[in-house]
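K.L.:
Submitted below is the structure of interest, expressed as structure tokens.
The values are calculated or read from the model by the stated rules, or taken from the named source; none is laboratory data. Keep in mind it's a predicted model, so treat the numbers as computed, not measured. In this analysis, Cβ positions are derived from the backbone assuming ideal geometry, glycine residues included, and neighbour counts consider all displayed protein chains. Ligands, DNA and RNA are excluded from the accessible area calculation, which covers all protein heavy atoms including side chains. Shrake-Rupley method; radii C 1.70, N 1.55, O 1.52, S 1.80 Å.
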Amino acid sequence: MRAVVFEEFGKPLEVREVPDPVAAHDGAVVRVEATGLCRSDWHGWMGHDSGITLPHVPGHELSGVIESVGGDVANWRPGDRVTVPFICACGRCAACARGAQQVCERQEQPGFTHWGSFAEYVPVHHADANLVALPETMSFATAASLGCRFATAFRAVVGQGRVRPGEGVAVHGCGGGGRSAGVVSAGGGVPGVGLACAPRWLV
Ligand SMILES: [Zn+2]
Ligand SMILES: [Zn+2]
């Protein structure tokens, strides 16, 4: 397959042929239809993430169609339209058991702990614990934005901030996460919440 590869941190990336990924016994290989570009990809490229080994293929905001699954995968089959959360979980540890996969003790991220979605195909481990089905009406581009920036923003506004209708939300920094917090706050998650988003948004 073709993939975007870097051999050294901070040095130019190259599109080249690399071996196709193979699904683990409980994993899947997804044919990438859309992938986001995130500040976290920049941190990985610059060498700020100790989990990355070289050479490396970045990319963690992805959506696509399942190409193949391992023999132990129960819930997915080739052809299914899917995305994944930024934090891919093991599905078996104590954190996963209480529904807190985002702090899984053995968490993985495509594009960090293994090769990611700046490629034609990406492996997803523990497929039954991590894949999320896409409605037919949702585009791949929209779906690729959900697992990292929107999931982060939703948890910040709704889960941690516990914002209530009628309250205000100030967003300092309008990158992908900040703008997603704007969408969640202004109606996607908490109807009726006012929003002030620096430097220019005021909803
Ligand atoms: Zn991201
Ligand atoms: Zn876990």
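K.L.:
Looking for something in a loop (DSSP other than H, G, I, E, B) and loosely packed, with under 15 Cβ neighbours inside 10 Å - is there at least one such residue anywhere in segment 105-127?
P.N.:
Step one: of segment 105-127, the residues in a loop (DSSP other than H, G, I, E, B) are 105-107, 109, 111-113, 115-118, 120, 125-126.
If we keep only those that are loosely packed, with under 15 Cβ neighbours inside 10 Å as well, we get 105.
Yes: segment 105-127 contains one or more residues that are in a loop (DSSP other than H, G, I, E, B) and loosely packed, with under 15 Cβ neighbours inside 10 Å.
K.L.:
State whether the residues of segment 128-139 include one that is touching a Pro at 6+ places or on another chain (Cβ under 9 Å), open to solvent by less than 60 Å² (accessible area, probe 1.4 Å) and assigned by TED's automatic domain parsing to the domain that holds L54.
P.N.:
Initial filter on segment 128-139 (touching a Pro at 6+ places or on another chain (Cβ under 9 Å)): 130, 132.
Among the residues that remain, those that are also open to solvent by less than 60 Å² (accessible area, probe 1.4 Å) are: 130.
Add one more test, that the residue is assigned by TED's automatic domain parsing to the domain that holds L54, and what stays is 130.
Checked segment 128-139: at least one residue is touching a Pro at 6+ places or on another chain (Cβ under 9 Å), open to solvent by less than 60 Å² (accessible area, probe 1.4 Å) and assigned by TED's automatic domain parsing to the domain that holds L54.
K.L.:
With respect to S145, determine if the residue is closer than 20 Å to A34 by Cβ, under 11 Å from the mean Cα position of the chain (by Cα), modelled with pLDDT under 95 and within 16 Å of ligand 1 (Cβ to nearest atom).
P.N.:
Numbers: closer than 20 Å to A34 by Cβ: yes; under 11 Å from the mean Cα position of the chain (by Cα): yes; modelled with pLDDT under 95: yes; within 16 Å of ligand 1 (Cβ to nearest atom): yes.
Considered against the rule, which asks whether it is closer than 20 Å to A34 by Cβ, under 11 Å from the mean Cα position of the chain (by Cα), modelled with pLDDT under 95 and within 16 Å of ligand 1 (Cβ to nearest atom), S145 comes out as yes.
K.L.:
Filter the strands (runs of 3 or more DSSP E) completely within segment 1-83 down to those with at least 3 residues that are surrounded by fewer than 18 Cβ atoms within 10 Å (Cβ to Cβ) and not aromatic (F, W, Y).
P.N.:
It comes to 14-17.
K.L.:
Right, next: Out of curiosity, is A143 open to solvent by less than 10 Å² (accessible area, probe 1.4 Å) and in contact with a Gly (Cβ under 6 Å, 6 or more places away or on another chain)? Working first, answer last.
P.N.:
Working: open to solvent by less than 10 Å² (accessible area, probe 1.4 Å): yes; in contact with a Gly (Cβ under 6 Å, 6 or more places away or on another chain): no.
No.
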